[in-house]
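Everything below concerns the one structure shown next.
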Amino acid sequence: MNKRWQYFGFFFILSYSVCLSQVATITGRIIDNDTRKAIDGASVYIIDLNGAIVNYVYSDKDGAFNIEVKDRSIDAELNIIFSFIGYEQQKHPLKEFNANATIELNPSEIRLPEVKIISRSIKEQGDTLIYNVARFKLAQDRSIADVLRKMPGMKVSGDGSIY
C-alpha cells in the first residue's frame with residue numbers, strides 16, 4: 001500500500017509540473033494602417049510591470065507573428081508591444097489581447113536633428129598637409145595659380161613656378 005502512495009505522489013508532482021509549464025501561443029498579423037500592406041520585421045514583445053522583456057519575436061514577410069508565453073503568466077500584469085521604425089508604437093494589456101488579431105500600425109515621422117558638416121581648409125595627416133582647394137577658390141579666379149596664391153605656405157612666381 002505504501003508503494004502505491006509513492007507512485008501516486010510521484011505521478012501527481014509530475015503532472016502538476018507539466019500543467020504549470022504549459023505555454024500559450026499568441027498569434028496575429030501586423031499591417032500598415034494606410035496601405036494595408038504587411039509589415040515585415042516588426043518587433044513584438046511582451047514586458048512585465050518593471051519593463052523587463054519576457055519574450056519577443058519579429059513579424060515575417062506576411063506580417064504574421066507567433067509569440068509564446070507561459071500560460072499562467074497571461075493573467076499577470078503583462079503588456080504586449082508592437083513597434084517598427086517609422087510607425088507609432090502600440091501597447092496592449094496581454095490579458096485583453098485577442099488571438100489572431102490584426103494590428104494596424106500608423107506611420108509617423110521621425111525628425112532628425114540638423115546636421116552640419118564642416119570641412120577644414122587644411123588638414124594635417126602625419127607629416128603631410130592636405131589642402132581643400134575648393135575652400136580657397138573664388139568666382140574671380142581664372143587659373144589654378146590664382147587659387148594657389150591664396151593657400152598658406154604656397155608661393156607662385158611670375159613664371160608660374162610653385163614653391
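Among the residues of the range 54-77, those that are at pLDDT 90 or above and either within 23 Å of I110 (Cα to Cα) or β-branched (V, I, T) (or both) comprise V57, Y58, S59, G63. One residue stands out in the range 144-163 among those that are touching a helix residue (DSSP H, G or I) at 6+ places or on another chain (Cβ under 9 Å) and outside any helix (DSSP H, G or I): the one that is farthest from A134 (Cα to Cα), namely G160. Screening the range 78-128 for residues that are of a type in the set (G, A, S) and at pLDDT 90 or above and picking the one that is farthest from the chain's Cα centre (by Cα) gives S108.
What's the total number of residues in the range 80-129 that are farther than 23 Å from D40 by Cβ and either touching a residue at least 40 places away in the same chain (Cβ under 8 Å) or surrounded by 11 or more Cβ atoms within 10 Å (Cβ to Cβ) (or both)? Break it down into steps so the answer makes sense when it comes.
Filtering the range 80-129 for residues farther than 23 Å from D40 by Cβ gives 93-96, 111-129.
Next, only the ones that are either touching a residue at least 40 places away in the same chain (Cβ under 8 Å) or surrounded by 11 or more Cβ atoms within 10 Å (Cβ to Cβ) (or both) stay: 94-95, 121-123, 129.
Qualifying residue count, the range 80-129: 6.
The values are calculated or read from the model by the stated rules, or taken from the named source; none is laboratory data. A quick note: this is a predicted structure, and the numbers were derived from the prediction, not measured. Every residue, glycine as well, gets a Cβ built from its backbone with ideal geometry; the counts of neighbours run over all protein chains shown.
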